[in-house]
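Engineer: Encoded as structure tokens, here's the structure I'll be asking about.
The values are calculated or read from the model by the stated rules, or taken from the named source; none is laboratory data. Being a predicted model, the structure only gives us computed values, none of them experimental. Note that each Cβ is placed from the backbone with ideal geometry, even for glycine, and that neighbours are counted across all protein chains shown. These accessible areas exclude ligands, DNA and RNA; they are computed on the full protein's heavy atoms, side chains included. Shrake-Rupley method; radii C 1.70, N 1.55, O 1.52, S 1.80 Å.
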Amino acid sequence: MITLDRDNTLKQINASEEVSKKLDIYVETLEKWQGFMNLVSDTTLPIVWTRHILDSAQLYKLIKNEDKIIVDFGSGSGFPGLVLAILDDKNREYHLIESDGKKCNFLNEIVKLCNLNVIVHNERIEKIKNLKPNVITARALTSLVELVKYANMYTSEKTRYIFMKGKKAPEEIKECQKQFKIEFEKINSITSPEGQILIINKVTKK
């Protein structure tokens, strides 16, 4: 089992015993499946607790008590969607959208092992209908303008977008503002000096 930075991560997120056990199951299963499919970069596997678990977990404080439905775009190996579902103590409903069938198999395995309130959709983002989330998340998926276009297909009046971005965030914001008027906040990532979390509260097309 990978243990590097485990204790520090669990301390930072104030993980309960139950959450810690589920995250251990997640990481152990990730390590096992990584042997026959590419779930994360091999270079990040030794630091999975900081690079992926803690990085995803920092979004949890941005979810409000009244939020009931969370949609995660391009969930891949479950970051941030699965981590948020493991941390959740409000019985929220999580929808993970991933077009890669093999990765969906992995996601469903974690959902089963950890008994999570998660629905995995093996489909392209634009093909999903009738979801009206309170929050939409995405990490390392595509450009901000493309994320906003996708998210606008799902949005309701009070939907917020929480997107994780890197050092190109300022450029992506400027590009997005050519097509959309966005009301947003920026928060610095706790795991990377270049990382930015964009909280988009309102979007209108220009």
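Engineer: Anything in region 79-94 that is open to solvent by less than 30 Å² (accessible area, probe 1.4 Å), under 22 Å from M153 (Cα atoms) and free of Cβ contacts under 8 Å to residues at least 60 places away in the same chain? List them, or say none.
Structural biologist: G81, R92, Y94
Engineer: Related question: Could you identify the single residue in S16, S75, S20, S56 that is surrounded by 15 or more Cβ atoms within 10 Å (Cβ to Cβ) and farther than 18 Å from I197 by Cβ?
Structural biologist: Working: S16 fails: surrounded by 15 or more Cβ atoms within 10 Å (Cβ to Cβ); S75 fails: farther than 18 Å from I197 by Cβ; S56 fails: farther than 18 Å from I197 by Cβ.
When all the criteria are applied, what remains is S20.
Engineer: Scan region 34-49 and give yes if some residue there is of a type in the set (G, A, S) and touching a Ser or Thr at 6+ places or on another chain (Cβ under 9 Å), otherwise no.
Structural biologist: No: region 34-49 contains no residue that is of a type in the set (G, A, S) and touching a Ser or Thr at 6+ places or on another chain (Cβ under 9 Å).
Engineer: Could you please find all residues in region 122-144 being open to solvent by less than 80 Å² (accessible area, probe 1.4 Å) and either β-branched (V, I, T) or in contact with a helix residue (DSSP H, G or I) (Cβ under 8 Å, 6 or more places away or on another chain) (or both)? Working first, answer last.
Structural biologist: Here is the first cut: in region 122-144, the residues open to solvent by less than 80 Å² (accessible area, probe 1.4 Å) are 123, 125-126, 128, 131, 133-139, 141-144.
Within region 122-144, I125, E126, I128, V135, I136, T137, A138, R139, L141, T142, S143, L144 qualify.
Engineer: Let me ask something else. Tell me yes or no: at least one residue of region 95-111 is surrounded by fewer than 19 Cβ atoms within 10 Å (Cβ to Cβ) and either of a type in the set (V, I, T) or assigned to a loop (DSSP other than H, G, I, E, B) (or both).
Structural biologist: Yes, that holds for at least one residue.
Engineer: Also, I was wondering about something else. Exactly one condition in (1) at pLDDT below 95; (2) in contact with a strand residue (DSSP E or B) (Cβ under 6 Å, 6 or more places away or on another chain); (3) among the β-branched types (V, I, T) is not met by I162; state its number.
Structural biologist: Checking I162 against (1) at pLDDT below 95; (2) in contact with a strand residue (DSSP E or B) (Cβ under 6 Å, 6 or more places away or on another chain); (3) among the β-branched types (V, I, T), the one that fails is (1).
Engineer: Could I ask something else about it? Can you name every residue in region 164-206 that is open to solvent by less than 100 Å² (accessible area, probe 1.4 Å), assigned to a strand (DSSP E or B), closer than 23 Å to L84 by Cα and not β-branched (V, I, T)?
Structural biologist: M164, K165, F184, E185, Q196, L198, N201, listed by residue number.
Engineer: Looking only at region 145-163, which residues are within 22 Å of E194 (Cα to Cα) and open to solvent by 30 Å² or more (accessible area, probe 1.4 Å)? Don't jump to the end; show me each part of the working.
Structural biologist: Going through region 145-163, the residues within 22 Å of E194 (Cα to Cα) turn out to be 145-148, 161-163.
E146 - this is the single residue of region 145-163 that is within 22 Å of E194 (Cα to Cα) and open to solvent by 30 Å² or more (accessible area, probe 1.4 Å).
Condition check ((1) modelled with pLDDT of 95 or more; (2) over 12 Å from the mean Cα position of the chain (by Cα)) across all residues:
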{"position": "T29", "(1), (2)": "yes, yes"}
{"position": "V40", "(1), (2)": "no, yes"}
{"position": "W49", "(1), (2)": "yes, yes"}
{"position": "H52", "(1), (2)": "yes, no"}
{"position": "Y60", "(1), (2)": "yes, no"}
{"position": "I69", "(1), (2)": "yes, yes"}
{"position": "D72", "(1), (2)": "yes, no"}
{"position": "V83", "(1), (2)": "yes, no"}
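Engineer: Can we say N115 is open to solvent by 70 Å² or more (accessible area, probe 1.4 Å), of a type in the set (S, T, N, Q), over 20 Å from F163 (Cβ atoms) and modelled with pLDDT of 95 or more? Don't jump to the end; show me each part of the working.
Structural biologist: Numbers: open to solvent by 70 Å² or more (accessible area, probe 1.4 Å): yes; of a type in the set (S, T, N, Q): yes; over 20 Å from F163 (Cβ atoms): yes; modelled with pLDDT of 95 or more: yes.
Judged against the criteria, N115 is a match.
Engineer: Specify which of the listed residues (Y150, Y161, Y154) is part of a strand (DSSP E or B), touching a residue at least 12 places away in the same chain (Cβ under 8 Å) and either on the phi < 0 side of the Ramachandran plot or acidic (D, E) (or both). I'd like the intermediate steps shown before the answer.
Structural biologist: Numbers: Y150 fails: part of a strand (DSSP E or B); Y154 fails: part of a strand (DSSP E or B).
Result of the check over Y150, Y161, Y154: Y161.
Engineer: While we're looking at this one, here's another question. Would you pick out the residues in region 23-52 that are assigned to a loop (DSSP other than H, G, I, E, B) and either within 21 Å of I190 (Cβ to Cβ) or open to solvent by less than 50 Å² (accessible area, probe 1.4 Å) (or both)?
Structural biologist: Within region 23-52, the subset assigned to a loop (DSSP other than H, G, I, E, B) is 35-44.
Answer for region 23-52, where residues must be assigned to a loop (DSSP other than H, G, I, E, B) and either within 21 Å of I190 (Cβ to Cβ) or open to solvent by less than 50 Å² (accessible area, probe 1.4 Å) (or both): M37, L39, V40, S41, T43, T44.
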